[in-house]
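Single-structure report; data block below.
The values are calculated or read from the model by the stated rules, or taken from the named source; none is laboratory data. These numbers come from a predicted model, not from an experiment. Note: ideal-geometry Cβ built from the backbone for every residue, glycine included; neighbour counts use all protein chains shown.
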């Protein structure tokens with residue numbers, strides 16, 4: 001393995017000869033693989049594109065994160081800046097390097113989006129991100145080329161499995177009573193969290209946010225109509241209204257936590273209503289504001 005890493009260092013150092021001139025460009029190129037990008041992407045898809053698409057993609061994305069975390073633990077491979085002191089750590093990263101999570105999630109998310117909606121422009125975006133996001137990770141000194149290969153392979157396998165088996169899985173889900181679906185989406189995120197090798201407070205926040213969002217998604221699919229397609233101005237208003245109200249609620253919950261001194265699990269519990277609002281409250285608000293066509297049937301299947 002040392003020989004592979006040594007050869008990889010050659011590529012890392014070759015790219016970093018352009019440091020710091022390309023630092024800002026490469027940091028920008030790595031953003032589509034960052035957590036903050038997905039925090040915006042998934043609500044945008046849910047509110048403005050297709051709720052069923054978002055639900056399926058969210059499940060696939062969380063599975064990808066889970067498997068990538070365990071793969072890093074099992075592989076236990078260093079990052080370039082840890083392996084060779086000549087490598088500049090342009091942007092920080094924690095955990096193991098193999099496989100690259102940014103690469104894996106780019107394959108999974110954008111590959112799934114293209115498979116769902118086969119548009120030429122989406123294919124171009126997918127192919128560009130498949131090259132540019134991994135390239136940026138090597139330049140930033142956080143991944144070897146072999147890490148990228150691992151991310152490509154694991155991401156492609158997950159994507160193939162999802163596309164192959166999502167319809168049978170969806171049909172099976174449809175036969176589960178609503179009450180049991182609600183229990184499952186509430187319990188699954190914390191259970192997955194506690195089976196992870198590394199757990200911290202912010203991860204718990206995210207798990208309970210997903211629990212609340214899961215409940216909201218299930219109820220919205222059953223009871224709220226979805227109006228698609230829609231004019232761009234209407235989609236823009238949905239996104240603006242959804243993000244602004246969610247940020248206000250987030251600020252209020254954080255202020256409440258600070259005022260009461262809540263920490264740990266007590267603080268994390270505040271994220272469940274935020275997830276519920278984003279998944280159920282915001283679509284309900286769209287309906288009340290006239291941003292969704294009245295009288296359309298709710299999509300009951302996930």
* Go through region 66-82 and count every residue that is in a helix (DSSP H, G or I) and surrounded by fewer than 19 Cβ atoms within 10 Å (Cβ to Cβ). => 9
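Yes/no matrix, rows are residues, columns are (1) crowded, with 21+ Cβ neighbours inside 10 Å; (2) part of a helix (DSSP H, G or I); (3) modelled with pLDDT of 95 or more:
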| site | (1), (2), (3) |
| --- | --- |
| 88 | no, no, no |
| 92 | no, no, no |
| 97 | yes, no, no |
| 103 | yes, yes, yes |
* To do: Test each condition in (1) part of a loop (DSSP other than H, G, I, E, B); (2) over 26 Å from residue 56 (Cα atoms) for residue 118 and report the one that comes out false.
  => (2)
